[in-house]
2 protein chains.
Amino acid sequence: MEKHYKELKLRVRELENELIKCKQKQSAMEDAHPLYRQKIDKMSAEVVDSNPYSRLMALKRMGIVDDYEKIRTYTVAVVGVGGVGSVTAEMLTRCGIGKLLLFDYDKVELANMNRLFFQPHQAGLSKVEAAEHTLRNINPDVSFETHNYNITTMENFTHFMDRISHGGLEEGKPVDLVLSCVDNFEARMAINQACNELGQIWMESGVSENAVSGHIQLIIPGETACFACAPPLVVAANIDEKTLKREGVCAASLPTTMGVVAGILVQNVLKYLLKFGTVSYYLGYNAMQDFFPTMAMKPNPQCNDRHCRRQQEEYKKKEAERPTVEVVQEEEDVVHEDNEWGIELVSEVTDAELQAASGPVPDLPEGITVAFTIPSEVTDGDTVEETEQSLEELMAQMKKL
Amino acid sequence: MEKHYKELKLRVRELENELIKCKQKQSAMEDAHPLYRQKIDKMSAEVVDSNPYSRLMALKRMGIVDDYEKIRTYTVAVVGVGGVGSVTAEMLTRCGIGKLLLFDYDKVELANMNRLFFQPHQAGLSKVEAAEHTLRNINPDVSFETHNYNITTMENFTHFMDRISHGGLEEGKPVDLVLSCVDNFEARMAINQACNELGQIWMESGVSENAVSGHIQLIIPGETACFACAPPLVVAANIDEKTLKREGVCAASLPTTMGVVAGILVQNVLKYLLKFGTVSYYLGYNAMQDFFPTMAMKPNPQCNDRHCRRQQEEYKKKEAERPTVEVVQEEEDVVHEDNEWGIELVSEVTDAELQAASGPVPDLPEGITVAFTIPSEVTDGDTVEETEQSLEELMAQMKKL
């Protein structure tokens, strides 16, 4: 009996000691500063657990990408760091992009927690500040430049233009790509105007206010339709459009749809920058039916944006100077004749306008409609050219093309 | 002069004070413990910045989901917390799922940093532990249960079966859905066996080793093809398959492809649980060409898994007992006759086998091929039934269907 009692007491002491050790270790882990990784000079393909680039460099061995390291030489500007923009920036950071420029004027709110990336403890911080902090910890090899302002005011727009044309990795050089991840018409028009003026290639993305459809679009000034050439297109979600776009209505959003749109956007960026696969000119996502239409759009020769018209002229000139064979190839690559755009209105219009609009619709791929009509007064007028045409005039113009 | 000097000195003092206050505030913000949000008893649709559910509850107002709050009553098991599983778990957490069960035996490594979710400071922690910590901070309303083990060993498999059938939100009830986000054949076969035995509905997901294609698949035991009914299908990436699946080759991966697959997987989960849109039986993603094939597959009456055959019998009985009209509807919903599965081999087979295999191929949607052939010795034999048929026998069986 006495012997068993002693043994038991020993066992208790043993267990107590183990528990103390365990708690100490736990506490040390909680207290420890996060072990952020060190910068890495050169991307390595070495297959070891400690190499954050091994699975990306494997794309070369797999025959997908010829020169993956080239990603470190590129600069991408992400405008709008919300549900799509934040995930876009994170994907590019994890892929080891050279430099990211982030533009947003919003603050993180708990109401953003239904989308990926931001966390509750960041509520109240500016989105660009919170994003930069997280992204720098994820990959210290990426350069970041953040701008906590609204690009649509006169002064900021000028600064935005300057950073797009001089904010490249090699200071003074333009960025390689601008990504629009904004959630409103004015900001998209501002990006469109800047990129038309600068001849800057960009990609636009969007998610519908009912959260179940989205799209991405590649815009090459002068070569493909710009944002002002035609009302922006979205994938119709087969639901009552009357519930959408009403003043004061809080838009719905889902981490799934935003994640898919960010994924197909950055995939298109990688394919464009690293030259693999087929770069999509337009890719839509309808979550209700799981369909993903693609298409391409020619620019509108009567586009309201004079810089778009100028870019079109310059593109034509360049094309004319090319050897004939190449021109034909290029035409085939860029424009699919059976994918000509058309128009169909979905909201914020009278029945009469709808009637007028649904008449001339050519062969827009099944399920694609325009997101909204171009407002007759576009903005406060500071940065974006006003559309002086009525919807009917616009429709008539499009018919002529 | 004297007056101006005094004013200036006052101004300097004022500014110095402001600067000190500003720095103090900054420092306090940096030092402060992260302000994690409190639990929320009832989902609210109120449109205020502090409501993490406002944008999800808006899905009701938008006419997309009838009863969004119902998401809090569901339990989902995520098997594999890697590139797809971690993002899947995060999306479900942000959507406010009732309970998540996470299964993984792996540790976080820096080599995982090219995919979303995990961060460098988590390197060395078990994936389930690191994931639970992050997810709990993101949404404390979700219940978590984590299992840091390999489900394919005998003992763990028994425990896994038990948790699937009794780990629901209401203890003792089964989970509502199992999601396979694993990266190997053995684990998929183990999940398949468990779900066939339990009659548990599950969804499978996968990403190719060259990182540029993936798929999701809904499996309803007895009603659709199980994982053992036919070799798993993947979207062909139009690249040389000989570079894939070689022993010792490090697989490539991309945050984009993984993010898209997690997005379409969780979108399918939301549509299934909350009853909106069309649930996909199979959705593929080919990143090189941006195409997304869909299809459905009937179960194989000669499936090697006896529980699958039993479930097929039970399903047939249930169908026979239903009123005729409903049966017809169901059939139409579930099986698309023009999407019957077929077989095409891509790797690890001899030319003769390839020849034999490419003969009987019916009309598998363009671009879909099988991921790999079923190994003749499936596993160590502990948990998964062995396939005793040769490839040729399997092909012959399929022809008969």
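The values are calculated or read from the model by the stated rules, or taken from the named source; none is laboratory data. Since the model is a prediction, treat every value here as computed from it, not as a measurement. A quick note on method: Cβ atoms are made from the backbone with ideal geometry, for glycine too, and the neighbour counts reach across all protein chains shown.
Going residue by residue through the stretch A:62-80, is there one that turns out to be at the interface with chain B (Cβ under 9 Å from one of its Cβ atoms), outside any loop (DSSP other than H, G, I, E, B) and modelled with pLDDT of 95 or more? The answer is no; no qualifying residue exists. In the set (1) more than 12 Å from chain A (Cβ to nearest Cβ); (2) touching a Ser or Thr at 6+ places or on another chain (Cβ under 8 Å); (3) within 28 Å of B:I40 (Cβ to Cβ), B:T146 fails one condition alone, (2).
The number of residues in the stretch A:113-128 being of a type in the set (S, T, N, Q) and within 8 Å of another protein chain (Cβ to nearest Cβ) comes to 2.
With respect to the conditions (1) at the interface with chain A (Cβ under 9 Å from one of its Cβ atoms); (2) touching a residue at least 12 places away in the same chain (Cβ under 8 Å), B:D106 lacks only one, and its number is (1).
Residue count for the stretch A:165-186 under the criterion of being part of a helix (DSSP H, G or I), closer than 30 Å to A:A252 by Cβ and at pLDDT 95 or above: the result is 0. Screening B:S86 against (1) of a type in the set (S, T, N, Q); (2) part of a helix (DSSP H, G or I); (3) out of contact with any Phe, Trp or Tyr (no Cβ under 6 Å at 6 or more places or on another chain) leaves a single unmet condition, (3). For the stretch B:130-147, enumerate the residues that are touching a strand residue (DSSP E or B) at 6+ places or on another chain (Cβ under 7 Å) and acidic (D, E). Matches in the stretch B:130-147: B:E132, B:E145. Taking the criterion of being more than 22 Å from the chain's Cα centre (by Cα) and within 14 Å of chain A (Cβ to nearest Cβ), the only residue of the stretch B:287-303 that qualifies is B:Q289. The residues on offer are B:L283, B:L273, and the sole one that is more than 7 Å from chain A (Cβ to nearest Cβ) and either of a type outside the set (S, T, Y) or touching a Cys at 6+ places or on another chain (Cβ under 6 Å) (or both) is B:L273. So, in the stretch A:160-181, exactly how many residues are more than 14 Å from every other protein chain (Cβ to nearest Cβ) and either hydrophobic (A, V, I, L, M, F, W, C) or surrounded by 15 or more Cβ atoms within 10 Å (Cβ to Cβ) (or both)? Count: 15. Look at the stretch B:118-131 and say how many of its residues are crowded, with 21+ Cβ neighbours inside 10 Å and in a helix (DSSP H, G or I). Matching residues across the stretch B:118-131 total 5.
Inclusion of A:A252 among residues that are in a loop (DSSP other than H, G, I, E, B) and either at pLDDT 95 or above or within 8 Å of chain B (Cβ to nearest Cβ) (or both) is warranted.
Based on what the data block shows, is B:V48 away from chain A (no Cβ under 11 Å) and either in contact with a Cys (Cβ under 7 Å, 6 or more places away or on another chain) or outside any helix (DSSP H, G or I) (or both)? Step through it out loud before you land on a result.
On the way: away from chain A (no Cβ under 11 Å): no; either in contact with a Cys (Cβ under 7 Å, 6 or more places away or on another chain) or outside any helix (DSSP H, G or I) (or both): yes.
So B:V48 fails the test.
Taking the criterion of being among the small types (G, A, S), over 17 Å from B:M203 (Cα atoms) and in a loop (DSSP other than H, G, I, E, B), the only residue of the stretch B:278-326 that qualifies is B:A287.
For the stretch A:29-36, check the following and say yes or no: at least one residue is modelled with pLDDT of 95 or more and within 14 Å of chain B (Cβ to nearest Cβ). Break it down stepwise before answering.
So in the stretch A:29-36, the residues modelled with pLDDT of 95 or more come out as none.
Checked against the condition, which is being modelled with pLDDT of 95 or more and within 14 Å of chain B (Cβ to nearest Cβ), the stretch A:29-36 yields no hits at all.
Those residues that are closer than 21 Å to B:K316 by Cα and not in a loop (DSSP other than H, G, I, E, B), I need them from the stretch B:197-228; list them, please.
The answer is B:E197, B:L198, B:W202, B:L218, B:I219.
Considering only the stretch B:134-148, I want to know if a residue exists there that is of a type in the set (D, E), over 18 Å from B:A194 (Cα atoms) and not in a loop (DSSP other than H, G, I, E, B). The answer is yes; a qualifying residue exists.
If I go through the stretch A:125-177 residue by residue, how many of them are among the hydrophobic types (A, V, I, L, M, F, W, C) and under 17 Å from A:V87 (Cβ atoms)?
Step one: list which residues in the stretch A:125-177 are among the hydrophobic types (A, V, I, L, M, F, W, C), which gives A:125, A:128, A:130-131, A:135, A:138, A:142, A:144, A:151, A:154, A:157, A:160-161, A:164, A:169, A:175, A:177.
Now drop any that are not under 17 Å from A:V87 (Cβ atoms), which leaves A:128, A:130-131, A:135, A:138, A:142, A:144, A:177.
So the answer is 8.
On the given criteria, is B:G98 farther than 15 Å from A:S253 by Cα, modelled with pLDDT of 95 or more, more than 14 Å from chain A (Cβ to nearest Cβ) and out of contact with any helix residue (DSSP H, G or I) (no Cβ under 6 Å at 6 or more places or on another chain)? Lay out the reasoning, then the answer.
Details: farther than 15 Å from A:S253 by Cα: yes; modelled with pLDDT of 95 or more: yes; more than 14 Å from chain A (Cβ to nearest Cβ): yes; out of contact with any helix residue (DSSP H, G or I) (no Cβ under 6 Å at 6 or more places or on another chain): no.
No; evaluated as a whole, the condition is false for this residue.
Exactly one residue out of B:E145, B:E155 is acidic (D, E), modelled with pLDDT of 95 or more, surrounded by fewer than 20 Cβ atoms within 10 Å (Cβ to Cβ) and farther than 26 Å from B:I220 by Cβ, and it is B:E155.
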